[in-house]
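Novice: Okay, handing you the structure first.
The numbers here are math on the coordinates, done by the rules we state, and not lab data. Remember, it's a predicted structure, so these values are computed and weren't measured experimentally. Virtual Cβ from ideal backbone geometry, glycine too; neighbours counted across all protein chains shown.
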Protein chains: 2
Amino acid sequence: MDPAAALSAIKFNSEGLVPAIAQQHDSGEVLMMAWMNREAVGETLKSGRVCYYSRSRKALWRKGETSGQPQTLKSFLIDCDGDTILLKVDQKGVACHTGHRDCFFTEVGPEGLTEISPVVIPPTELYGK
Amino acid sequence: MDPAAALSAIKFNSEGLVPAIAQQHDSGEVLMMAWMNREAVGETLKSGRVCYYSRSRKALWRKGETSGQPQTLKSFLIDCDGDTILLKVDQKGVACHTGHRDCFFTEVGPEGLTEISPVVIPPTELYGK
């Protein structure tokens, strides 16, 4: 894919970042939201493997590098304002560091919060001891 | 739904905002991403009609108030870190101010950007003259 066209269309915020939503390409599940900088966008488009920018570690975050649960890029979409990205991906295993398939497993109900999906892979398995 | 439980679980950023992804509840389409403040979260959960916070207007943005294209809330999910919201909604008409069904109609391809979905309702119809 064409990193130059993408980079010219994206409006990065004052910190040089843009939010990126990852969606499972076939099932439509929204897996997670994370951030990208210019370098992460470029690497993702060139490699076809999703790379974010970790705000806590202040470094590129090649999804799956530690957990073994990478995301393969299927398509890369930019929103009407150029300030949000939608990544259609193929998620191997689980997207969430908690071991849930996706990060949105907490639902607000009439009587507080409910966990609506199970842990698929325990974090101890994802990250060792 | 329970605004107090939601508000205690959400980590708002330094500007008092949290990103909210809107997804069509039945088809799974990711429609848009916008921002909410505490008041927008509270109003959305109480009314069942999605209300964002407009960063440009610095005011509550009751989706559909001007365009006639509201979002009815079906479920309200909070991610593992409490810093992103996923709204499952029923979108009447179109989500995007351009008149496209969703905001993610620009795809990055091998030779630049392509528009992958049509305008469903012309903006002149959405917003008058």
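Novice: Which angle between 0 and 90 degrees, to the nearest 10, do you get for helix B:38-47 versus the longest principal axis of chain B when only C-alpha atoms count?
Specialist: Taking Cα atoms only, the helix is inclined about 80 degrees.
Novice: Continuing with the same structure: How far, in nm to one decimal, is B:I116 from itself in the other copies if the label point is set 7 angstrom along Cα toward Cβ? Shortest first, please.
Specialist: Ordered by increasing distance: 2.5 nm.
Novice: Looking down the axis that turns B into A, which residue of B has the closest beta carbon, and how many Å out?
Specialist: It is B:G28, 1, counting Cβ atoms only.
Novice: In whole Å, what is the distance between the alpha-carbon centres of region B:34-106 and region B:1-22?
Specialist: The two parts, judged by their Cα centres, are 13 Å apart.
Novice: Using a label position 7 Å from Cα in the Cα→Cβ direction, what is the ascending list of nm distances from A:K46 to the same site in the other copies?
Specialist: When each copy's label point is compared with this one, the spacings are 5.2 nm.
Novice: Further question: How high is the relative contact order of region A:18-101, in percent, counting Cα pairs under 8 Å that sit 6 or more residues apart?
Specialist: Relative contact order for region A:18-101 comes out at 30 percent.
Novice: In this model, which of B:K58/B:K88; A:K58/B:K63; A:K63/B:K92; A:K46/B:K63; A:K11/B:K74 are farther than 29 Å apart at the alpha-carbon?
Specialist: Over 29 Å Cα-Cα: A:K58/B:K63; A:K63/B:K92; A:K46/B:K63; A:K11/B:K74.
Novice: Within chain A, what's the longest run with no GluC sites (Glu not before Pro) in a DSSP loop and at most 15 other beta-carbon atoms within 10 Å? Give the range, please.
Specialist: The reported range is A:16-64.
Novice: HN-Hα J couplings of region A:71-76 from phi, Karplus 6.51/-1.76/1.60, θ = phi - 60°, integer Hz, Gly and Pro as x?
Specialist: Karplus-based 3J(HN,Hα) across region A:71-76 equals 10, 8, 6, 9, 7, 10 Hz.
Novice: Let me ask something else about it. Apply the Karplus curve 6.51 cos²θ - 1.76 cosθ + 1.60, θ = phi - 60°, to the phi angles in region B:10-15 and return the couplings in whole Hz, x for Gly and Pro.
Specialist: With the stated coefficients, region B:10-15 comes to 8, 9, 6, 6, 5, 9 Hz.
Novice: Hey, another quick one. Taking θ as phi - 60°, what are the ³J(HN,Hα) couplings along region A:93-102 by the Karplus curve (6.51, -1.76, 1.60), each to the nearest whole Hz, with x for Gly and Pro?
Specialist: x, 10, 8, 9, 5, 7, x, 6, 4, 10
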